[in-house]
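*Asks:* Have a look at this one.
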Amino acid sequence: MNPETYDAVIVGGSYAGMSAALPLARARRRILVIDGGKRRNRFVEASHGFLGQDGRHPADIAADARKQLLRYATVQWIEGDAVHASGEFDAFQVALEDGTSYAARRLILATGVTDELPNIAGLAERWGKSVFICPYCDGYELNEGRIGVIATGPMGVHQALLLPDWGTTTLFMNGHAMPEQAEVDHLTARGVRIETGVVCQIDGRATIVLEDGRRFEQDGIFTGPRMRLSSPLAAQLGCDIDDSAFGEMIRTDGMKTTSVKGVYACGDATQGAKSVAIAVGDGYMTGAVAHRSLIFD
């Protein structure tokens, strides 16, 4: 084996990627983490729902994790964007923007997703501050206040049905078709109000303005952005990619193996449910599976 070949290269140094690196590091495997520094939750001030870290700034959680990971002598870290990947089992190559290339026996893709937000004036500026996606992450802090849900498709009904546990909820259809009658009945039973008008602007902290001029002051807003993979590497390697209700996702089996032998994927790029806690657990299992592959495959 070429001494310049890493046991594993992990692309993505956020929560899932670092967690995947940890079991490999503890097995004293030589690994490289390549990170572009664009955590998906970089827009928020506090991360919630991760036991032991609840309410901390997400950047602080990530910084502590990186410091702990780099205590292991076999871990190397490079800041930069991986732009190309190729190769096959036991002989993969990952290249950076500057042309530098790294060889690996296994690849772990923890490359994340990018949120494609609804094209509504004022929404992007409030993303992660008063406009959110996950009620489990951000609903509690609204203190049972007024919550608006802006539909971007069928998942709007799903969000609206969840959110009454966190506050008084209004579903803004924003030009989308009304839900089926059974869904309307379920929404009504949950106390959800439905507004059919088109949203043209978000004003103030979280005021929803409709095209007809009506204004609905909210304490927080939830919406479901379309998600696309943040990196082309999975496609370049030939990994199967699914088009889900949430957007693009790298297809993996129950052991986080992609359709390409020797390539694993974890974190937001592989599943609909997304949070720091989920990413950490998902990444750790992926790293352990990749380590076993180095022994048994």
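The values are calculated or read from the model by the stated rules, or taken from the named source; none is laboratory data. Because the structure is predicted, anything quoted here is derived from the model rather than measured. Here the Cβ is made from the backbone with ideal geometry for all residues, glycine too, and neighbour counts use every protein chain on show.
*Asks:* Taking only pairs six or more apart or across chains, which ones have beta-carbon atoms under 8 Å, a first residue in the stretch 31-45 that is farther than 14 Å from Ser14 by Cα, and a second residue that is hydroxyl-bearing (Ser, Thr, Tyr) and not in a loop (DSSP other than H, G, I, E, B)?
*Replies:* Cβ pairs passing all conditions: Ile31/Tyr6.
*Asks:* Could you please let me know if Leu162 is surrounded by 20 or more Cβ atoms within 10 Å (Cβ to Cβ), touching a residue at least 12 places away in the same chain (Cβ under 8 Å) and out of contact with any Gly (no Cβ under 7 Å at 6 or more places or on another chain)?
*Replies:* The answer is no for Leu162.
*Asks:* Also, I was wondering about something else. From the set of residues in the stretch 84-112 that are of a type outside the set (Asp, Glu) and farther than 22 Å from Ala290 by Cα, which is nearest to the chain's Cα centre (by Cα)? If you could, list the steps in order and put the result at the bottom.
*Replies:* To start, the set of residues in the stretch 84-112 that are of a type outside the set (Asp, Glu) comprises 84-87, 89, 91-96, 99-112.
Right, trim to farther than 22 Å from Ala290 by Cα and you get 96, 99-100.
Values: Leu96: 22, Gly99: 28, Thr100: 27 Å.
Step by step, filter the stretch 84-112, then rank; the result is Leu96.
*Asks:* Additional query: Of all residues being surrounded by fewer than 18 Cβ atoms within 10 Å (Cβ to Cβ) and without any contact (Cβ under 8 Å) to a residue 60 or more places away in the chain in the stretch 286-296, which is farthest from Leu22 (Cα to Cα)? Just the residue, please.
*Replies:* From the stretch 286-296, those surrounded by fewer than 18 Cβ atoms within 10 Å (Cβ to Cβ) are 292, 294-296; that's our starting set.
Next cut, without any contact (Cβ under 8 Å) to a residue 60 or more places away in the chain only: 292, 295-296.
Working: Arg292: 14, Ile295: 17, Phe296: 19 Å.
So the residue we want is Phe296.
*Asks:* Of a type in the set (Asp, Glu) and either outside any strand (DSSP E or B) or under 20 Å from Glu79 (Cβ atoms) (or both) - does that describe any residue in the stretch 23-37? Outline the logic, then answer.
*Replies:* Filtering the stretch 23-37 for residues of a type in the set (Asp, Glu) gives 35.
Then keep just the ones that are either outside any strand (DSSP E or B) or under 20 Å from Glu79 (Cβ atoms) (or both); that gives 35.
Yes.
*Asks:* Go through the residues of the stretch 210-218 one by one and say whether even a single one is in contact with a Cys (Cβ under 6 Å, 6 or more places away or on another chain) and not assigned by TED's automatic domain parsing to the domain that holds Leu32.
*Replies:* Of all residues in the stretch 210-218, those in contact with a Cys (Cβ under 6 Å, 6 or more places away or on another chain) come to 211.
Narrowing the set further to residues that are not assigned by TED's automatic domain parsing to the domain that holds Leu32 leaves 211.
Yes, the stretch 210-218 contains at least one residue that is in contact with a Cys (Cβ under 6 Å, 6 or more places away or on another chain) and not assigned by TED's automatic domain parsing to the domain that holds Leu32.
*Asks:* If you scan the stretch 219-277, which residues turn out to be surrounded by fewer than 23 Cβ atoms within 10 Å (Cβ to Cβ), of a type outside the set (A, V, I, L, M, F, W, C) and without any contact (Cβ under 8 Å) to a residue 24 or more places away in the chain?
*Replies:* The answer is Gly238, Asp240, Asp242, Asp243, Arg251, Asp253, Gly254, Ser259, Gln271.
*Asks:* Just a yes or no: is a residue in the stretch 57-67 of a type in the set (Lys, Arg), without any contact (Cβ under 8 Å) to a residue 60 or more places away in the chain and in contact with a strand residue (DSSP E or B) (Cβ under 9 Å, 6 or more places away or on another chain)? Spell out how you get there, then give the answer.
*Replies:* Quick first cut of the stretch 57-67, residues of a type in the set (Lys, Arg) only: 66-67.
Still in the running and without any contact (Cβ under 8 Å) to a residue 60 or more places away in the chain: 66-67.
The next check asks that each one be in contact with a strand residue (DSSP E or B) (Cβ under 9 Å, 6 or more places away or on another chain); those that pass are 66.
Scanning the stretch 57-67, I find at least one residue that is of a type in the set (Lys, Arg), without any contact (Cβ under 8 Å) to a residue 60 or more places away in the chain and in contact with a strand residue (DSSP E or B) (Cβ under 9 Å, 6 or more places away or on another chain), so the answer is yes.
*Asks:* Could you go through the stretch 87-108 and let me know if any residue there is under 30 Å from Thr169 (Cα atoms) and of a type in the set (Asp, Glu). Reasoning before the result, please.
*Replies:* Let us first name the residues in the stretch 87-108 that are under 30 Å from Thr169 (Cα atoms), namely none.
The answer is no; no qualifying residue exists.
*Asks:* Would you call Ile34 within 20 Å of the chain's Cα centre (by Cα) and closer than 21 Å to Val263 by Cα? Please lay out each step first, then the result.
*Replies:* On the way: within 20 Å of the chain's Cα centre (by Cα): yes; closer than 21 Å to Val263 by Cα: yes.
Judged against the criteria, Ile34 is a match.
*Asks:* Here's something else I'd like to know. How many residues are over 22 Å from Glu116 (Cβ atoms) and buried (at least 17 other Cβ atoms within 10 Å of the Cβ) when one looks only at the stretch 131-145?
*Replies:* Here the count works out to 2.
*Asks:* Restricting to the stretch 255-271, name every residue that is small (Gly, Ala, Ser) and in contact with a Gly (Cβ under 9 Å, 6 or more places away or on another chain).
*Replies:* Of all residues in the stretch 255-271, those small (Gly, Ala, Ser) come to 259, 262, 265, 267, 269.
Hits for the stretch 255-271 are Ser259, Gly262, Gly267, Ala269.
*Asks:* Please find, within the stretch 159-189, the residue that is nearest to the chain's Cα centre (by Cα) out of those that are closer than 19 Å to Asn143 by Cβ and in a loop (DSSP other than H, G, I, E, B).
*Replies:* Trp166
*Asks:* Return the residues of the stretch 196-216 that are of a type outside the set (Val, Ile, Thr) and either in contact with a Pro (Cβ under 7 Å, 6 or more places away or on another chain) or surrounded by fewer than 17 Cβ atoms within 10 Å (Cβ to Cβ) (or both); say none if nothing qualifies.
*Replies:* First, the residues of the stretch 196-216 that are of a type outside the set (Val, Ile, Thr): 197, 200-201, 203-206, 210-216.
Within the stretch 196-216, Cys200, Gln201, Asp203, Gly204, Arg205, Glu211, Asp212, Gly213, Arg214, Arg215 qualify.
*Asks:* May I pose another question? How about the stretch 259-297: which of its residues are within 21 Å of Cys137 (Cα to Cα), among the small types (Gly, Ala, Ser) and outside any helix (DSSP H, G or I)?
*Replies:* Scanning the stretch 259-297 gives Gly272, Ala273, Ser275.
*Asks:* Take Ala110 and decide whether it is over 19 Å from Glu195 (Cβ atoms), at pLDDT 95 or above and in contact with a Cys (Cβ under 9 Å, 6 or more places away or on another chain).
*Replies:* Here the answer is yes, as Ala110 does meet what is asked.
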